[in-house]
Amino acid sequence: MTTDPTPTPDHATTTPAGAASTPGTPAAKSMDAIMALCKRRGFIYQASEIYGGINGFWDYGPLGAQLKKNLRDAWWQDMVLRPCWGRSGPNGKPVRCVPVETCIIQHPRVWEASGHVAGFNDPMVDDKQTKQRFRADHLFGLFARPQSSGGQGHFEIPKVTIVASTVGEAVERLVSEKPLRKIFNVRDVGHSSGASGTVQADLGGGMHHWHVEAVRWNQLDEAALQEVPSPFTGKRGSLTSPRQFNLMFKTYTGATATEDDKVYMRPETAQGIFVQFKNVIDTTRVKVPFGIANTGKSFRNEVTPRNFTFRSREFEQAELEFFCHPDESVDWYRFWRDFRMEWWKSVGLAGDNLVLREHDKDELSHYSQGTSDVEYRFPFTAPGFGELEGIAHRGNFDLTQHQRHSGAKLEYNDTERGEPLPNGQRRGERYLPHCIEPAAGLDRGVLALLCEAYTVDPSRASPEFLKLHPRLAPIKAAVFPLVAKDGMPEIAEKLHADLCERFWRAGAIELDEKQSIGKRYARMDEAGCPFCFTIDGDTLKDQSVTIRERDTGEQHRIAIDAVSGFLTDKLGG
Ligand code: GAP
């Protein structure tokens with residue numbers, strides 16, 4: 001998605017029909033199992049769970065809060081403190097970025113200027129009977145045609161509709177969910193991939209191979225919409241026509257709560273940057289090109305929050321607006337697009353599950369010269385992808401809008417440009433800088449890290465584990481006395497205290513004496529802890545400890561004095 005206030009469906013691209021998902025990719029991973037592990041180990045809980053939960057809101061438990069903080073810190077370190085790992089930008093100079101922290105509630109006119117009040121809408125459809133509501137572009141009709149037709153033929157009214165985020169999800173659900181399979185009389189699933197699947201089914205007239213295809217509602221004509229069955233009851237004619245629904249949460253300032261006091265919870269952190277652009281220029285020594293970073297909670301009253309934390313109503317963003325001269329903007333756009341893809345790889349998302357998707361020309365806003373999405377193949381989007389971050393060339397759209405609506409002069413006086421003067425200086429050039437916007441979602445980032453890290457290996461004593469990158473892992477190391485006697489607990493406590501002293505900034509160091517050593521390893525594996533150190537009988541003789549590595553399960557010994565150096569090598573710092 002772009003910052004364009006008119007939301008478009010999250011792009012979920014699909015692999016070509018016939019490309020099957022391979023074991024080990026998230027496609028083969030069960031989202032239910034990942035969610036269960038997240039609950040079991042204290043990564044993510046349903047918000048207000050003891051009251052039955054609240055749709056679209058999630059809390060982070062102890063491990064999840066630290067994991068998310070580590071992701072936010074990694075972003076902050078690599079975008080603000082040492083942008084782009086110290087690399088030079090396309091102008092050959094070090095990249096410079098400064099942070100701001102802006103309010104969730106801004107003057108309501110900010111959102112008029114940005115276009116969100118008028119245009120941040122989703123098309124919404126209601127089921128008149130059940131009163132359930134969903135996004136029109138999330139309605140899929142499922143069509144089945146005999147394979148003998150060669151996949152050709154006219155679409156009839158769908159027999160079944162479902163609400164799903166992506167085409168891949170729609171077909172996956174048809175072939176995996178019992179009630180749907182029952183409606184289709186699916187006896188045997190052939191395969192499914194992307195927008196289509198092959199199932200062996202009896203749809204009247206005996207068993208045949210059917211080609212099943214999911215088609216987004218907006219590809220059906222208006223008449224067909226009136227005819228389609230409800231995704232909830234199967235009843236025809238019970239869906240309303242789509243209505244536009246503004247996604248911004250509204251609230252009131254002050255005690256009177258009249259319409260004049262109405263304010264909005266920000267739907268993105270970006271606008272806080274634009275409205276403080278002039279203050280940052282006037283109060284610091286930054287010069288264009290430079291970036292302003294902002295992280296924090298954003299709120300969107302999503303019509304259909306779904307897929308765990310992927311589409312929530314409260315979520316956290318990490319956004320940068322990089323201001324540059326219009327002539328250099330395309331180079332900076334390419335620079336940020338490539339860096340952001342590399343960055344996501346550096347925190348552990350690599351291989352075929354991560355793609356950079358350049359938007360087609362006809363998807364771009366009129367002011368944009370390019371937009372790309374970093375997309376991840378989540379288990380619920382597989383074999384397609386879901387957006388993690390958008391990198392947009394926004395031109396000077398936002399500064400122009402705020403200048404016009406506020407009356408403030410937001411032009412930048414670039415004293416390094418313009419014609420040379422006799423005194424060796426330049427006349428200066430006034431312009432509204434162009435903006436490149438890498439806009440990441442931290443909750444989707446955490447979700448992608450968890451999905452990527454989640455590994456099942458039935459041959460291990462701990463068949464489920466999280467291969468989190470050591471930089472992100474919420475527990476960096478654990479220390480175990482093999483048994484709670486013979487002085488082992490004391491040695492373990494001392495090693496634990498030493499490591500805490502040395503590594504407290506990076507995450508937790510655990511000390512665990514309970515249960516068998518196998519169970520303790522399994523617990524740490526599920527928490528994504530990369531290294532365990534065990535104090536055993538040999539420690540008493542030769543001051544060595546066993547290191548057990550999470551990813552391989554391998555064990556080897558090192559001197560107890562070398563543990564801190566070992567962790568420094570592995571974790572940095
Ligand atoms: N200022 C640009 C902007 O907000 P966006 O594509 O709408 O662009 C940026 O949002 C990122 O924020 C997305 O790539 C996604 O990671 C995250 N995001 C957006 N809506 C979200 C939601 N409802 N739940 C969780 N994350 C969301």
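The separation of region 253-286 from region 454-503, counted between C-alpha centres, amounts to 45 Å. Taking other residues whose beta carbon is less than 11 angstrom from the beta carbon of CYS84, and scoring Lys, Arg as +1 and Asp, Glu as -1, yields +1.
FRET efficiency for THR130 and SER241, Cβ-Cβ distance as r, R0 = 25 Å, nearest 0.05? Efficiency, rounded to the nearest 0.05: 0.90. In this rough spin-label picture, where each label sits 7 Å from Cα along the Cβ direction, the GLN543-MET35 distance is 5.2 nm. Direction-averaged projected area, Cα convex hull, region 339-412: 7.1 nm², rounded to one decimal. With a Förster radius of 45 Å applied to the beta-carbon distance between ARG96 and GLN515, the computed FRET efficiency rounds to 0.30. With both labels modelled 7 Å from their Cα along Cα-to-Cβ, the THR283 to VAL355 distance reads 4.4 nm.
Subtracting the Cα-Cα distance of ASP338 and ASP261 from their residue separation scaled by 0.36 nm leaves 23.4 nm. Its Cα centre serving as origin, region 36-129 has a Cβ charge dipole (Lys and Arg +1, Asp and Glu -1) of approximately 620 debye. In a reduced charge model with +1 at each Lys and Arg Cβ and -1 at each Asp and Glu Cβ, region 457-571 shows a dipole moment near 260 debye about its Cα centre. Determine the percent antiparallel among the DSSP beta bridges restricted to region 457-571, to the nearest 5. Just about 50 percent of them are antiparallel.
Evaluate region 457-571: find the radius of gyration of its Cα atoms, find its Kirkwood radius, and give the ratio Rg to Rh. Walk me through the numbers before you get to the answer.
Details: Rg = 13.1 Å, Rh = 14.0 Å.
Value, to two decimals: 0.93.
How far apart, in nm, are two points set 7 Å out from the Cα along the Cα-to-Cβ line at ASP498 and at ILE50? Spacing of the two 7 Å Cα→Cβ label points: 4.2 nm.
With 22 Å as the limit, the listed pairs LYS494/LYS514; LYS476/LYS514; LYS485/LYS514; LYS39/LYS570 have LYS39/LYS570 beyond it between alpha carbons. The magnitude of the dipole of region 295-405, with charges of +1 and -1 set on the Cβ of Lys/Arg and Asp/Glu and taken from the Cα centre, is near 400 debye.
Where a number appears in this text, it was derived from the coordinates with a stated rule and is not lab data. For clarity, every value in this text was computed on a predicted model and none was experimentally measured. Cβ atoms come from the backbone with ideal geometry, glycine included; neighbour counts cover every protein chain shown.
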